Amino acid sequence: MGGLSMRGGWMRITRWIVVLVIAATVAELPCSASLFGKDKMDPPQWGLDAAKTRTPAYAKDAPAVILYDEYLETIDAQGRAVEREREAIRILKPQGRGNTCGISYDVDEKINYFRAWTVAADAKRYQAQTTDFVDEGDTSVPIMLSTRKYRVAHPPAVDVDAVVICESEELMEPYLQEKVWQVQNGIPVVFEALEVDLPPGHAHSQAWHSFKGVDATEVSPNHWRWEVKDMPALILRDIPSHPEWGALAGRMSVQWGDAAVDGKDNQWRAIGEWVTKLEANRPDPSPEITAKVQELIAGAPDFYTKLSRITESIQMNIRYFVVSRGIGGLQANHAADIFRNRYGDCKDKSTLVISMLQVAGIHAYYVPVDDRRGIVDPDEPSLIGNHMITAIEIPAEVQDSRLKAIVKGKDGKRYLIFDPTNERTPVGNLPSYEQGSYGILAAGPSSQVIALPVLSPETNGTDQKGSFTLSADGTLTGAVETAHIGPEGGDLRMLLKYTDDKERHEFWETEVGHSVPGVVLDSFDFVQPSALDKPLEFHYKLTAHQYAHQAGPLLLVRPRVVGSDTLPCDDKPRTVPIDLSATGHWHDSYDIALPEGYIVDDMPDPVNLDTDFASYHSSVSAKGKVLHYERDYTVKQVELPAEKQPDFRHLEGVILSDEKATVVLKKQ
């Protein structure tokens, strides 16, 4: 987003600003491209057969195509899986060479074998040697220390028309009893299959996401196989304002543990109970925690004050840092350790929230989610997700308008959804990227999937006021005062935390420059209140030469000085939803003092547009020697169905026209 309204513009950047990066540094060894010798291991027959598959017409424009991809999950009596994968990929273009094979593992997993071959375009066969496999550290989150690794094969002779053949077998984690099968990828797939071989008497359940699904075949007693053919790639590169890739890509989840029961509600309950047991006793408060909470809530006049003192203490004083070792990737550390060490990841911060609120007599629960809207699907019971937040039970007698992010459970209880990892969004509000998503309320027997709320526009946004002076030569000078609330205020607080004055100056001059080319930021000042639920203010002064343009005796000036609220859109037929990023209310009020000797000759008409998902109103007026611009923009939803594309395009066109509209000044 250009300008300063920042509607969803850079939350996903600022919340992951790196203050410390600890990652495994891996030196890649030189590849060994040896032809088969006397000690060769021939490619498996399934791979040679797959390499004979013709490239289908629908894949000819792709950089690569998966000819064959098969998983076999062999489950033992305790529910632990051994996973075998067989995959064959044809390289179709030079940029497709990066499509090779890999396998992830952690300290409680074991790679039994991992082998790779190449069948070159001239039919010569090459085998990957030991030095062609590289172990890479987990860099999925920049602030982390993780024991998870990725073993990647770089087989020799991977050129256009070559086929890479890989097979691996891995002993999986003992505590996860689920397979998430990603049936759709960024490149087409000709044939793929999943097999789950269960012990006698063990049940399984299955659920599909963004795909109609196929029936399983029982190839032998309690051994099930699913096959999918001719799966197109999911390419979103040329689709503007699209949802997350993972929210749209087809996949299937298979459960074989406690969640392998009839009924989605029962499956979600079983998953939530598993999380509850996994984290049992982790939030037990220590004497130090108890003493701190009692200090914080002393004299608190109401529920909100008590709650905000505790949550802000965690947001401000517990640094976000991931330490993931084995099951530590899912199981939190103990609250006492988190409090003493003053750092933790999302599940650790949630643990400390639950612990400290427990001391205050407030019940709270873990909520596994994904910070990408649409990944968790209420129709696909699964532990899929990358984040942990908290649900705080609100007593029936508490009615406080500051507590906005509330959902009601099936038991009638009210829960406030709170993300302690987001250090600058106050309790009662919710980061925009999580609104409209789903999560698992892990509350023992009361566990359930819950819809995270979409908050009203009044909980987020920016109010901007500008006072400018226009010179006869077209130079514009002036001052702007802004106030930011909700997630937008949180974004700015994060920017302030992780940047210095020079970086802020460069950032804001670039931001303002999107709507005021050639602008110079003369000065700026942030006013940041200590309370997170108070607006953050930003004041700055600017100079822009040649802001107004001469047209003979006329002077053309754009009254919408700073900011842009347009989202990318086009007129191509659309099949995927439209991501609006965030709800909110943005208001602008600008005054421009006209140069001596000029009066208004022509002004744009007022703009008034109301839809069920947004409204936009603007007007330009003149009083004496002052030009006044007023604008209100409200977004009420975070996502639109594809069939709303014409309405969305109309809205964006109206906004763009208003932002570019000019007032004509003439000499008296």
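Here are some notes:
- When each of Val152, Val134 is tested for being open to solvent by less than 30 Å² (accessible area, probe 1.4 Å) and under 28 Å from the mean Cα position of the chain (by Cα), the lone residue that passes is Val152.
- Unmet requirement for Ser437, which otherwise passes all of (1) closer than 30 Å to Ile384 by Cα; (2) at pLDDT below 95: (2)
- In the set (1) buried (at least 17 other Cβ atoms within 10 Å of the Cβ); (2) in contact (Cβ under 8 Å) with a residue 40 or more places away in the chain, Ser471 fails one condition alone, (1).
- Candidates Asp601, Asp612, Asp570 - the one that is of a type in the set (Asp, Glu), open to solvent by 50 Å² or more (accessible area, probe 1.4 Å) and more than 23 Å from Leu455 (Cβ to Cβ): Asp601
- Count - residues of the range 41-92 that are over 34 Å from the mean Cα position of the chain (by Cα), closer than 23 Å to Ile103 by Cα and not in a helix (DSSP H, G or I): 5
- The strands (runs of 3 or more DSSP E) falling completely within the range 520-634 that include 2 or more residues that are of a type in the set (A, V, I, L, M, F, W, C) map to 520-527, 536-544, 554-557, 584-593, 598-602, 607-610, 614-623.
- For the range 615-644, a residue qualifies if it is of a type in the set (D, E, K, R), touching a residue at least 40 places away in the same chain (Cβ under 8 Å) and surrounded by fewer than 17 Cβ atoms within 10 Å (Cβ to Cβ), and the qualifying residues are Glu630, Asp632, Lys636.
- Subset tally (residues that are more than 21 Å from Ser210 (Cα to Cα), polar (S, T, N, Q) and touching a strand residue (DSSP E or B) at 6+ places or on another chain (Cβ under 7 Å)) for the range 345-391: 2
- Counted as qualifying within the range 177-235 are the strands (runs of 3 or more DSSP E) with 3 or more residues that are open to solvent by 40 Å² or more (accessible area, probe 1.4 Å) and more than 16 Å from Thr74 (Cβ to Cβ), namely 223-231.
- Breaking point among (1) closer than 30 Å to Pro240 by Cβ; (2) touching a Pro at 6+ places or on another chain (Cβ under 8 Å); (3) modelled with pLDDT of 95 or more, for Asp588: (2)
- Condition check for Thr462: closer than 30 Å to Pro595 by Cβ and in contact with a Leu (Cβ under 8 Å, 6 or more places away or on another chain): yes
- Entry remark, the range 77-125: residues being exposed (fewer than 13 other Cβ atoms within 10 Å of the Cβ), in contact with a Leu (Cβ under 8 Å, 6 or more places away or on another chain) and not polar (S, T, N, Q) number 2 in total.
- Scanning the range 499-512 for residues that are in contact with a strand residue (DSSP E or B) (Cβ under 9 Å, 6 or more places away or on another chain) and not acidic (Asp, Glu) yields Arg504, His505, Trp508, Val512.
- Filter pass, Ile165 being assigned to a loop (DSSP other than H, G, I, E, B) and either crowded, with 20+ Cβ neighbours inside 10 Å or without any contact (Cβ under 8 Å) to a residue 24 or more places away in the chain (or both): no
- Positions within the range 377-397 being of a type in the set (Val, Ile, Thr) and exposed (fewer than 15 other Cβ atoms within 10 Å of the Cβ), in sequence order: none
- Helices (runs of 4 or more DSSP H) wholly inside the range 278-355 that include at least 3 residues being open to solvent by 20 Å² or more (accessible area, probe 1.4 Å) and farther than 27 Å from Asp371 by Cβ: 287-297, 303-317
- Residues that are in a loop (DSSP other than H, G, I, E, B) and open to solvent by 70 Å² or more (accessible area, probe 1.4 Å), drawn from the range 236-271: Arg237, Asp238, Asp258, Asp262
- Residue match in the range 422-431 (condition: open to solvent by less than 10 Å² (accessible area, probe 1.4 Å) and touching a Ser or Thr at 6+ places or on another chain (Cβ under 6 Å)): yes
The values are calculated or read from the model by the stated rules, or taken from the named source; none is laboratory data. Predicted, not measured: the structure shown is a model, and the values here were computed from it. Please note: Cβ atoms are built from the backbone with ideal geometry, for glycine as well, and neighbour counts cover all protein chains shown. Heavy atoms of the whole protein, side chains included, go into the accessibility calculation; ligands, DNA and RNA do not. Shrake-Rupley method; radii C 1.70, N 1.55, O 1.52, S 1.80 Å.
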